[in-house]
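Written below as C-alpha cells is the structure these notes are about.
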Amino acid sequence: MSDYECVKLAIDGPVATVQLNRPEKKNAMSPTLHQNMVDALTEVERAGDVKVTVLTGVGDSFCGGMDLEKCFLEPFSNPAEFERVNVTAFTWFKKLKYSPSVTVAKVNGWAFGGGFELVGLCDIAIAAEEAVFGLSEINFGVFPGGGAMWATTHNLNRKQALYYSLTGATFTGREAVALGLVNQAVPAAELDAATQRVVDSLVKKSRLALRANKQAYEKSVGMTFDDSIEFEMAKLAELWYLTENEWVRQGLAQFARREYRPGLEAFQLEGKDGRPTRRGKGALPRARRGSVKLEEKGEA
Ligand code: COA
C-alpha cells in the first residue's frame, strides 16, 4: 500500500487498486494528483505481475475532471507552468491507456470532463446506476480536449458523441450502459461486489494472454483484415514464446484430460505467468506429437 497525497494505491498480488483521493473536491485532478498518478502507475508497472488495475474514487465522486482552478485558471498566465501540468496529466493518461494490465474503471459517482475521459480510456467499466457522467467542457466555453474527445469518439457513436459534447447534457450509469461507455451498471451498494466478480474472472487468466489480447484489439481496430491476420498470428507466436507454450502445456492439456470446459471457465494456471513448473517442463514435446490426452492422463 502506497499513499500519495492525492492518490491511494494498493497492490495485492495480481490486482492493483488506485483511488483518486480528493473527496472534498469531488476528486478533481490537481497538478499534485496528476504527479501522484504518474508515480502510482509507474509503481504498478514495476510490480511486474499485475493483471488488473482498478481505478476508482474516494467518497461520492469518481472524478470531477481537471481541477478547473489549479490546472487551468491559476497556471494560465504562466505558459511554462501550464504546459508542465498538461504534460504530467497526459503522461499518466497514456500510461493508463497503454497499461499492460487490464484497466477497470469502478465508477462510483460523478465523472465529468477528464473524469469521463478516464472511464473511456479504461478497458472495462462498471458503474453505479446513480453515477452521473457529462462532457461539461462546453458549459465553460471550450470542448473536450486533452484526449477527452478521443475517449468520447472511441466509446460513443457519432450522434451521441456530438449530442453530449455539444449540449453538456448529463447521463446516468444506467444510461451509460446503453451508450456503450460502461459494461454494467448496478446499484451503488453492489458496485464493489460487481467489480470484484469481473476482477476475479480476469485474474484466473494468463497475464501475458490478457496483455496480448489488449494489444491485438487496439491494433486490429485500425488495420485491414489481411494485415490483422498477419499481426494476430505474429502476436500469438510471441505469446507462445513468452509463455513457453502455456496454452498447449496447460490449456489444451487440461482440456484433453477433460479437467475444465473452455466455453465456461478458464484452465488452471500453473507456475508464474504460465511458465512451466518443474514437473510440467517436459509436457510440450508430447503435446506436439498430438498425443496429449493419452500421455497426460498417465501423469495426472
Ligand atoms: N475543479 C475544481 N474544483 C472542483 C471541481 C473541478 N473540476 N469539481 C468540483 N470541485 C470542487 C467544488 O468547486 C467545491 O469546492 P469548494 O468546496 O471549495 O466550493 C467542491 O469540489 C465540492 O463540489 P460541489 O460543487 O460543492 O459539489 P456538488 O455535489 O454540489 O456538485 C459537481 C458536484 C461535480 C456537479 C460540481 O462540483 C461540478 O460541476 N464540478 C465541475 C465538473 C466539471 O465541469 N468538470 C470538468 C472539468 S474538465
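None of the figures in this text is laboratory data; all of them are computed from the coordinates on show. Owing to the predicted nature of the structure, the values given are computational and were not obtained by experimental measurement. Counting neighbours? That spans all protein chains shown, and the Cβs are built from the backbone with ideal geometry, glycine included.
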**Folded to 0 to 90 degrees: helix 79-97 orientation relative to the chain principal axis, Cα** = 30 degrees
**Prompt:** In degrees from 0 to 90, rounded to the nearest 10, what is the angle of the helix 31-47 Cα long axis to the longest principal axis of the chain?
**Reply:** 0 degrees
**Request:** State, to one decimal in nm, how far the label point of Q268 lies from the label point of A234, with both points 7 Å from Cα in the Cβ direction.
**Result:** 3.8 nm
**Ellipsoid semi-axes in whole angstrom, largest first, where each is sqrt(5λ) of the Cα gyration tensor of the range 1-67** = 21, 12, 9
**Asked** So for the chain, taking the charge dipole from beta-carbon charges (+1 Lys/Arg, -1 Asp/Glu), which of P79, S201, F112 sits furthest toward the positive end?
**Response** S201
**Request:** Rank these for me by crowding, E117, E81, E137, E244, going from fewest to most other beta carbons within 10 Å.
**Result:** E81, E244, E137, E117
**Item:** the chain - Rg and Dmax from Cα coordinates, angstrom
**Value:** 21.6, 74
**Request:** For G57, list long-range residues whose amide hydrogen, built 1.01 Å from N in the peptide plane, is under 5 Å from its own amide hydrogen.
**Result:** L20, N108
**Asked** 222 nm [θ] for the chain, helices only, -39500 (n - 2.57) per DSSP H run of 4+, per residue, to 500?
**Response** -13000 deg cm²/dmol
**Asked** Cα axis of helix 158-167 to longest principal axis of the chain: angle in degrees, 0 to 90, nearest 10?
**Response** 30 degrees
**Item:** Sorted by Cβ density within 10 Å, fewest first, the residues T42, T53
**Value:** T42, T53
**Request:** Given a cut-off of 24 Å, name the pairs among K94/K159; K8/K106; K8/K70; K8/K219 whose C-alpha atoms lie farther apart than that in the structure shown.
**Result:** K94/K159; K8/K219
**Message:** Given a 10 angstrom Cα cut-off, can you work out which residue in M223, M149, M37 is the most mobile in a GNM of the chain?
**Reply:** M223
**Asked** What is the dipole size for the chain, taken about its Cα centre, with +1 at each Lys and Arg Cβ and -1 at each Asp and Glu Cβ, in debye to the nearest 20?
**Response** 1380 debye
**Prompt:** Contour minus end-to-end for F143 and T172, with contour as 0.36 nm per residue of separation and end-to-end as the Cα-Cα distance?
**Reply:** 8.4 nm
